[in-house]
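A short write-up of the structure that comes next.
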Number of protein chains: 2
Amino acid sequence: MEGRQEEARPVGTILANERGDTCPKNSNGKMREKTLTMDTLNPQVKAVEYAVRGPIVTKAGDIERGLQQGQKHPFTEVIKANIGDSHAMGQKPITFLRQVVALCSFPELLNSPSFPEDAKQRARRILQGCGGQSLGSYSASQGVDCIRQDVAVYIEQRDKGVPADWDNIYLTTGASDGIVSILKMLVSGQGRSRSGVMIPIPQYPLYSAAISELEAVQINYYLDEDNCWALDINELHRAYQAAKEHCHPRVICIINPGNPTGQVQSRKCIEEVLHFAYEENLFVMSDEVYQDNVYSPDLQFHSFKKVLYEMGPEYFNTVELASFHSTSKGYSGECGFRGGYMEVLNLDLEVKAQLVKLLSVRLCPPVSGQAAMDVIVNPPLPHEPSYLQFHKEKSAVLGALAEKAQITEQTLNTVPGIKCNPVQGAMYAFPRIFIPPRAVEEATSLGMSPDMVYCLRLLEETGICLVPGSGFGQREGTYHFRMTILPTTEKLKVLLEKLRDFHIKFLKEYASLEEPKR
Amino acid sequence: MEGRQEEARPVGTILANERGDTCPKNSNGKMREKTLTMDTLNPQVKAVEYAVRGPIVTKAGDIERGLQQGQKHPFTEVIKANIGDSHAMGQKPITFLRQVVALCSFPELLNSPSFPEDAKQRARRILQGCGGQSLGSYSASQGVDCIRQDVAVYIEQRDKGVPADWDNIYLTTGASDGIVSILKMLVSGQGRSRSGVMIPIPQYPLYSAAISELEAVQINYYLDEDNCWALDINELHRAYQAAKEHCHPRVICIINPGNPTGQVQSRKCIEEVLHFAYEENLFVMSDEVYQDNVYSPDLQFHSFKKVLYEMGPEYFNTVELASFHSTSKGYSGECGFRGGYMEVLNLDLEVKAQLVKLLSVRLCPPVSGQAAMDVIVNPPLPHEPSYLQFHKEKSAVLGALAEKAQITEQTLNTVPGIKCNPVQGAMYAFPRIFIPPRAVEEATSLGMSPDMVYCLRLLEETGICLVPGSGFGQREGTYHFRMTILPTTEKLKVLLEKLRDFHIKFLKEYASLEEPKR
């Protein structure tokens, strides 16, 4: 085919005549090559890793489909404990939240006597805030005004009166969206002046993925596993000083309660971090999506914002702090709605306009997710008709999680070669596992991380789907996995039992390999 | 305050004592500077422009609030014709769609006799596809399987039997999300080998914004205003050849029906574009979110995919084509749900895995938006109970839009100094406006684009909010604005009348300035 000739002829006709299974060639007679190949793919995209939905999870899906099609495996079901997806693990939605979302979605239901008045009142208020009183309108880029106002009131109550300005509230598409937006703003410079982002290790891999995508510099600070994964201020100093040699550290990210590590940060530690950020001119990003998930009765959640306030105006009026919340975790577990918010303090006014502009390109967060967020920050009050049921449902979820946190920690610690810190909060255990040297060698020779091999075998032999610690980061030479505490208590016990048996068998297998002559 | 001393003392106590309105200083005695300023902001973020929600719209919001607070203006309401936000302009939701979403949100309603059986059947099917049968679970990164299957069936029917594989379907957070994801994959190289992205001028500014953010090279090809904004293949060649000198053109983006230009592309033209993309090894991105919005009775929508198929297997099996659809436009106008899908053909298998990985970092598109998308691709069938009402509502919306498209074009063309192409499809008119040389000079001396000044004055004097053509791109020396055809017919007539009066007054004012001695 000659391009130039083509143009002279009526294109449609010719092409129809030329159909067939000939090799695709362009006008130069060459094969038409793919435009987008691994060689031409954006290298920043290539660099992204996201273990929570990585190869293990893909394999789990394959096995699940295989089981459905009658394939034989040494188990009858895959138990997914890889992702904090509460409803998928059987948790029921909070009735009140879903009533409000249904009323907003189909306002005819506002006339139905089967919906309680407080749910209707919430729905009417949200719809009043929407263009044309419809969930189908775009909201403002920062979100629906009245929902942002409700978020501000919630934060004030949570923080015992610390003032919250709804102008600082941005509704987001889950917390991830907010986190990536703020990081995107903060990345600049080249070479030694390139922005550095301090993140905990182990971390939730959204952070490392976003840092790769934005070509920022990842600065690891290690949490102290021997001290219940506490954040050690000296380690922050060490990491910062080391990083200063090759980049410009500009942000510190904290996840509290911790993911995947489950620790709840002490007030003193938060104050130290904020003081450090103040001294070193760092922007603080505080991921607080598990703020309702604290299980240890002697611990409590402290927001970075409240602590900053208590440190006095010279801190509260200067330190740039973005904190994040979400509909996906807590007691509601509404991941699918992709609701969330961030509160951003002390942002330069011109920069703020830039942030709003950036958000406006994506138009707005999903409005039904915004509605779900509204219910979480504005739940039924004691005098309202839905209060009792709401309270009962919320307590049941959080009570079960607390129980499962304890069962998980205790059972794992009975297994030789597994050591698990208390699951103080969030939804995960991140136990350290002993992997025998021969197994480490084997994995290394395959170019795989030892805990990846461990998790793959665990999946193949037991149907349990966990995420290897290497996906979150861990100290060199240590191995872990992350498991959620979300399966039902009954299923969790089965999981832990299978895991114990597997681990013991695994150790035994390699023990015999290590000492073949005994 | 001395940082080192601080560490020795119990931090909390000291800080509480030191509260006051002292200047914020760090341990070096310097003022604490902001980390994030206009100087340190990511320059790619700074480069982003998005006129649809730009300064005019901000000002319109200010005026609206002013009116509510009793401020005096020469008008009593702001008429927003700046954004394709149907429900905000009074369009009612499609009942069936909202019934399905409400049923999915609050499945207890499945027992209610007031919901039709076909809506219940859709909701049950969607819920079956969700983890734990809940809209609150994360879906797979590509979206809920059965919804992707429904999308594939819809595409096959739309394209008269052209095969569609649901493995190529990705549900997205509105079309914008899909477009940015694909562009992100395609950007690589430095200097002369940097990826170039061909976009129409005028364009929807999501494209230019994403190109700025990704630091790709924008390659403009101009639509032919004198020929109803048709795409001229010679102009594509010109733009491509010119761009090859300084970048590596890798993608061509087409918006059909056009935004902001409202043209519906001919089948012949689509074939020419695809042939060109084939020859030049370009990835094709076809933005088809207005596929249901065709008003001229003698025109019809042709999907790029169908045309590619008809060009024969040497094209259909090789050209990389991503096409995009959305819940936001069409007859449903469900912008707030942020639903959408893309179909991606001929993607290299390894690259596909990379795309899924990239999407997985954001976990999943909002599941209620996925449910809304499902209804749009799987509406009631003629034998089903909701068919009549659905059909009536759909026809009413599309009929009204067709009428308003005509009123808009006709009225604008009665105004001296305004010339409007037929609004063949989409939701916008993009008329050319004559701006007198003195007005152009005045604007230029203020560092503003003349059509921005025009739109600002229009807003201030009449309350009408439009977007200046400069936000979409236009040929040097020509001026336009984009207005939606979404206001109710009655309000649209008022808008057009006010606009005519304003334009005539504007021309008169500058005519007297131009010839002061007459």
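The values are calculated or read from the model by the stated rules, or taken from the named source; none is laboratory data. Computed from a predicted structure; not experimentally measured. With ideal geometry, Cβ positions are generated from the backbone for all residues, glycine too; neighbour counts draw on all protein chains shown. Side chains included, ligands, DNA and RNA excluded: accessible areas come from the protein's heavy atoms. Shrake-Rupley method; radii C 1.70, N 1.55, O 1.52, S 1.80 Å.
Structure notes:
- When the test is whether a residue is in a loop (DSSP other than H, G, I, E, B) and either among the charged types (D, E, K, R) or within 12 Å of chain A (Cβ to nearest Cβ) (or both), B:P93 passes it.
- A:E384 surrounded by fewer than 21 Cβ atoms within 10 Å (Cβ to Cβ), acidic (D, E) and in a loop (DSSP other than H, G, I, E, B): yes
- Filter result for A:G84 (surrounded by 23 or more Cβ atoms within 10 Å (Cβ to Cβ) and out of contact with any helix residue (DSSP H, G or I) (no Cβ under 8 Å at 6 or more places or on another chain)): yes
- Filter pass, B:R438 being open to solvent by 20 Å² or more (accessible area, probe 1.4 Å), under 24 Å from B:L223 (Cβ atoms), in contact (Cβ under 8 Å) with a residue 40 or more places away in the chain and of a type in the set (D, E, K, R): no
- Residue match in the stretch B:497-511 (condition: open to solvent by less than 70 Å² (accessible area, probe 1.4 Å) and in contact with a Cys (Cβ under 6 Å, 6 or more places away or on another chain)): no
- Condition check for B:M311: open to solvent by less than 10 Å² (accessible area, probe 1.4 Å), under 16 Å from B:I179 (Cα atoms) and either at the interface with another protein chain (Cβ under 10 Å from one of its Cβ atoms) or at pLDDT 95 or above (or both): no
- Filter result (part of a strand (DSSP E or B) and in contact (Cβ under 8 Å) with a residue 40 or more places away in the chain) within the stretch A:218-257: A:N220, A:Y222, A:H248, A:P249, A:R250, A:V251, A:I252, A:C253, A:I254, A:I255
- Residues in the stretch B:182-206 that are in a loop (DSSP other than H, G, I, E, B), free of Cβ contacts under 8 Å to residues at least 60 places away in the same chain and open to solvent by less than 10 Å² (accessible area, probe 1.4 Å): B:V187 alone.
- Set A:Y290, A:Y278: member being facing chain B (nearest Cβ under 10 Å) and open to solvent by less than 10 Å² (accessible area, probe 1.4 Å): A:Y278
- From A:Q149, A:Q157, A:Q142, A:Q121, residue being not in a helix (DSSP H, G or I) and not hydrophobic (A, V, I, L, M, F, W, C): A:Q142
- Within the option set A:G143, A:G174, being on the phi > 0 side of the Ramachandran plot and either assigned by TED's automatic domain parsing to the domain that holds A:K352 or among the basic types (K, R) (or both) holds for one residue only, A:G174.
- One residue alone among A:S112, A:S105 is small (G, A, S), surrounded by 24 or more Cβ atoms within 10 Å (Cβ to Cβ) and outside the structural domain of A:E460 (by TED's automatic domain parsing), and that residue is A:S105.
- Qualifying residue in the stretch A:400-422 (condition: open to solvent by 30 Å² or more (accessible area, probe 1.4 Å) and within 14 Å of another protein chain (Cβ to nearest Cβ)): no
- Yes/no for A:Y222 being open to solvent by 10 Å² or more (accessible area, probe 1.4 Å), modelled with pLDDT under 95 and either closer than 27 Å to A:N82 by Cβ or touching a Pro at 6+ places or on another chain (Cβ under 7 Å) (or both): no
- Top-ranked residue of the stretch A:125-138 - restricted to ones that are open to solvent by 10 Å² or more (accessible area, probe 1.4 Å) and not in a helix (DSSP H, G or I), ranked as farthest from the other protein chains (Cβ to nearest Cβ): A:G129
- Any hit, the stretch B:359-371, residues being in contact with an Asp or Glu (Cβ under 9 Å, 6 or more places away or on another chain) and β-branched (V, I, T): yes
- From the list A:K59, A:K72, the lone residue that is more than 7 Å from every other protein chain (Cβ to nearest Cβ), open to solvent by 60 Å² or more (accessible area, probe 1.4 Å) and either in contact with a Gly (Cβ under 6 Å, 6 or more places away or on another chain) or not in a loop (DSSP other than H, G, I, E, B) (or both) is A:K59.
- Taking the stretch A:39-56 as the range and being within 29 Å of A:P74 (Cβ to Cβ) and in a helix (DSSP H, G or I) as the test, the residues that pass are A:A51, A:V52, A:R53, A:P55, A:I56.
- Some residue of the stretch A:265-274 being touching a Phe, Trp or Tyr at 6+ places or on another chain (Cβ under 6 Å), within 21 Å of A:F472 (Cβ to Cβ) and at pLDDT 95 or above: no
- Given (1) open to solvent by less than 10 Å² (accessible area, probe 1.4 Å); (2) out of contact with any strand residue (DSSP E or B) (no Cβ under 8 Å at 6 or more places or on another chain); (3) of a type in the set (D, E), number of the condition B:E460 does not satisfy: (1)
- Residue within the stretch A:240-261 that is modelled with pLDDT of 95 or more, touching a Cys at 6+ places or on another chain (Cβ under 6 Å) and surrounded by fewer than 23 Cβ atoms within 10 Å (Cβ to Cβ) present: no
- Test: A:E334 is at the interface with chain B (Cβ under 8 Å from one of its Cβ atoms) and modelled with pLDDT under 95: no
- Residues within the stretch A:356-381 that are modelled with pLDDT of 95 or more, open to solvent by less than 10 Å² (accessible area, probe 1.4 Å) and within 13 Å of another protein chain (Cβ to nearest Cβ), tallied: 10
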